[in-house]
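Please read the structure below before turning to the comments.
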Amino acid sequence: MILVYINSENGISKASYEAITYANKLGDVVALSNGSLPNEELSSMGRYGATKVIVDRAVNGEDQQQLVRMIAEVAASENADTVVFVHDISGKAVAPMLSVRMNAGLVSGAISLPDDSGAIAVNVFSGKAIGNVKVNSASKIISLLPNSLPPEEVGENCSVEEVSTQAGEARIKVLSTKKPEGEIPLPEAELVVSAGRGLKGPENWGMVEELAEKLGAATACSRPVADIGWRPHHEHVGQTGVAIRPNLYIAIGISGAIQHLAGVNGSKVIVVVNTDPEAPFFKAADYGIIGDAFEVVPRLNQAIEKFKAS
Amino acid sequence: MNILVCISKAPDTTSKISFSDGNTKFDENGVQFVVNPYDEWYALVRALELKEAGGGQVTIINVGGVADDAIIRKALAIGADNAVRIDTEPKDAYNAALQIAAYAKENAFDLILTGKETINYNGSQLGGMLAEGLDLPFVSLATKLDVSGSTVTAEREIIGGVQVVEVEAPAVISCAKGMAEQRIPNMRGIMAARTKPLTVVPAKEIDDLTTFVSYEMPGEKSAVKMIDPESMDELVSLLHSEAKVI
Ligand SMILES: Cc1cc2nc3c(=O)[nH]c(=O)nc-3n(C[C@H](O)[C@H](O)[C@H](O)COP(=O)(O)OP(=O)(O)OC[C@H]3O[C@@H](n4cnc5c(N)ncnc54)[C@H](O)[C@@H]3O)c2cc1C
Ligand SMILES: Nc1ncnc2c1ncn2[C@@H]1O[C@H](COP(=O)(O)O)[C@@H](O)[C@H]1O
């Protein structure tokens with residue numbers, strides 16, 4: 001049996017349905033969550049293959065150690081031999097802890113199903129190579145990188161069972177939480193518009209934000225632009241910033257330094273706008289436009305406007 | 001505060017990545033190794049700042065072979081007081097984490113810092129494993145860290161935002177960008193590092209729960225399609241009908 005832990009604090013993300021779909025290809029799936037999301041929403045996981053959803057309403061997940069205890073207890077009572085996580089901020093913290101608690105080998109950031117020998121692919125060396133990992137222990141933990149396989153609807157909503165686990169005391173106290181309203185969080189965005197030093201100054205970002213808004217995309221930037229304060233730090237992508245794998249990454253006035261590429265080269269489609277035909281980013285691009293951002297981006301905005309109207 | 005900082009060795013980002021022995025081993029020939037940037041820039045520098053403000057000791061710990069001494073000396077040159085190397089080539093994060101946990105159990109630390117992830121295997125695993133191995137609270141992806149008495153305050157990334165949390169020491173914290181600024185070691189630091197204590201301790205018998213069985217290079221990207229800067233309608237139509245992303 002495969003147990004999938006779903007963090008439903010912000011609702012159920014597309015990546016969660018991907019994890020259920022993935023688990024459904026490995027065996028019978030039970031989904032586990034915590035917190036206050038209504039049953040109607042939790043039961044939607046049945047459509048992607050969960051046979052039931054278990055939820056502990058009393059665990060808020062602020063101390064990840066409580067989640068670990070909750071998951072370990074349910075894994076034992078349901079006889080799960082594999083636990084699947086989404087490799088997001090939550091999964092990245094909880095899966096390693098559970099690995100020690102359950103003595104179960106962890107495949108961190110899986111991008112494939114196990115092959116015939118049981119090996120699972122993960123990105124290594126900042127996406128410059130792929131490594132195939134085998135788990136040696138009887139119990140296994142897999143944390144699945146978002147956007148690695150499309151979610152597949154296979155059935156109906158399922159039942160939700162409320163449980164009460166021995167999650168223990170929280171030792172982490174939350175003093176405050178900030179979630180910017182209306183912005184699309186970068187790590188989960190499917191479309192991203194990003195710009196760099198080629199834009200010359202923070203006052204020129206209007207057209208970039210307009211492009212992002214028209215597409216329903218998140219905005220990102222290169223590191224120097226965040227360092228000099230043209231853009232907020234959380235937008236910085238790359239080796240030392242956020243690593244992202246959206247469906248579409250549009251890079252405007254960014255040279256494509258290796259440290260920048262390290263954070264974005266998992267994107268499905270890359271569009272590059274740059275005045276310099278020799279810019280290294282063109283080698284990583286799917287579509288390239290040699291031109292001045294100040295002419296190309298407004299034209300692109302108009303073209304999208306026209307496309308949406310048609 | 002008595003702070004332990006976990007540092008690992010990573011190839012410099014500009015290194016060419018290749019594999020030997022039928023694609024089963026990372027080929028270290030000609031690779032320049034550095035201290036993993038998250039460990040050096042954020043965890044180590046913040047530990048030093050906390051020590052400068054409130055006193056205490058900064059110890060760095062590495063699980064690795066003798067070749068790791070070079071990056072350990074670099075971290076000592078930046079300002080750590082002493083270093084420990086657990087003498088084994090770790091095969092997976094679980095093994096390395098439990099080696100460090102065993103050492104930390106015998107030596108009292110108030111705070112244990114790790115980087116957010118290593119830039120070679122990008123696993124983001126060791127911090128959480130270490131916390132659970134020691135049964136300590138774990139604050140992951142901290143972008144700010146402050147200490148007052150035995151109370152540790154940290155800002156951490158959560159899905160869709162940031163959160164300020166408080167925890168009583170001892171605790172394990174994984175460190176991300178924002179926590180501190182890179183420090184370049186000076187000549188005095190480099191000289192001093194030569195005589196700072198580096199203790200080599202034997203490794204414990206611990207299983208590897210995972211094995212990298214082989215490596216491959218990602219498939220070649222198909223050649224870039226150039227589009228006339230005047231024809232943005234064409235780009236939009238390609239993104240819609242060919243790439244199917246909008
Ligand atoms: C250890 C280390 C870690 C790093 N980590 C990161 C990281 O995580 N993320 C990151 O981004 N960088 C990182 N860097 C920095 C990286 O090496 C590059 O310096 C940086 O990415 C360059 O940013 P940029 O492309 O915006 O600026 P530039 O390199 O200055 O490039 C600007 C580009 O804009 C083009 N341009 C100019 N005018 C126009 C115009 N009118 N229209 C269109 N194009 C125009 C130029 O041709 C040029 O290609 C790191 C560096 C180091 C050493
Ligand atoms: N061999 C090692 N020795 C000491 N610390 C390590 C080692 N490997 C990883 N770490 C620490 O654990 C963090 C996360 O590593 P990883 O789980 O490999 O992504 C790193 O940023 C280091 O702080």
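Any read-out appearing in this document is the output of simple, stated calculations on the displayed coordinates, not a laboratory observation. No experiment lies behind these values; they were computed from the predicted model shown. FYI the Cβ positions are ideal-geometry reconstructions off the backbone, even for glycines, and counts take in every protein chain you see.
Just a few scattered comments:
- Average Cα contact separation per residue, chain B, under 8 Å, 6 or more apart, as relative contact order %: 24
- Chain B: projected area of the alpha-carbon convex hull, averaged over directions, in nm²: 17.8
- For chain A, the longest principal axis of the Cα atoms and the long axis of helix A:14-24 meet at an angle of about 50 degrees.
- Sorting A:189-202, B:146-159, B:198-211 by average packing, meaning the other beta carbons within 10 Å per residue, from highest down gives A:189-202, B:146-159, B:198-211.
- In terms of surrounding Cβ atoms within a 10 Å radius of their Cβ, A:W205, B:W41 rank from fewest to most as A:W205, B:W41.
- Taking the stretch A:237-299 and dividing mean pair separation by its residue count, relative contact order in percent (alpha carbons under 8 Å, at least six apart): 31
- Lysines with Cα under 17 Å of A:K214, excluding same-chain neighbours fewer than 8 positions away: A:K306, A:K308, B:K244
- Distance from the Cα centroid of the stretch A:168-208 to that of the stretch A:36-86 is 28 Å (rounded to whole angstrom).
- The stretch B:100-169-the stretch B:204-246 distance, computed between alpha-carbon centres (Å): 33
- Shielding by other protein chains, B:9-22, mean Cβ within 10 Å: 2
- For chain A, modelled as a GNM whose springs connect Cα atoms under 10 angstrom apart, the maximal fluctuation among A:V163, A:V237, A:V83 occurs at A:V163.
- Highest mean packing first, where packing is the average number of other Cβ atoms within 10 Å per residue, the peptides B:88-97, B:235-244, B:185-194 line up as B:88-97, B:235-244, B:185-194.
- Over the protein assembly as shown, volume per residue of the alpha carbon convex hull, in Å³: 159
- In percent, rounded to a whole number, the relative contact order of the stretch A:2-162 is 30, using alpha-carbon pairs under 8 Å and six or more apart.
- For the stretch A:47-180, alpha-carbon Rg relative to the globular expectation (2.2 N^0.38 Å, N residues): 1.15
- Across B:K51/B:K105; A:K14/B:K144; A:K178/B:K116, pairs whose alpha-carbon gap is larger than 24 Å: A:K14/B:K144
- Legend: mean number of C-beta atoms from other chains within 10 angstrom of residue C-beta atoms, peptide A:88-95, equals 6.
- When chain A is treated as a GNM with alpha-carbon contacts under 10 Å, the residue of A:A257, A:A279, A:A129 showing the greatest mean-square fluctuation is A:A129.
- Ellipticity at 222 nm from helices only: DSSP H runs of n ≥ 4 in chain A, each -39500 (n - 2.57), divided by the residue count, give -8000 deg cm²/dmol.
- Integer Hz, Karplus 6.51/-1.76/1.60 couplings in order for the stretch A:168-174, x for Gly and Pro: x, 6, 7, 9, 9, 9, 8
- For B:N2, nonlocal amide neighbours, meaning residues 5 or more places apart or on other chains whose placed amide H falls under 5 Å from its own, are B:Q57, B:D110, B:L111.
- Over the stretch B:55-168: Rg over Rh, Cα atoms, Kirkwood Rh: 0.96
- Among B:P170, B:P197, B:P37: highest mean-square fluctuation, GNM of chain B, C-alpha pairs under 10 Å: B:P197
- Inter-chain shielding of A:281-290 (mean C-beta neighbours from other protein chains, 10 Å cut-off): 5
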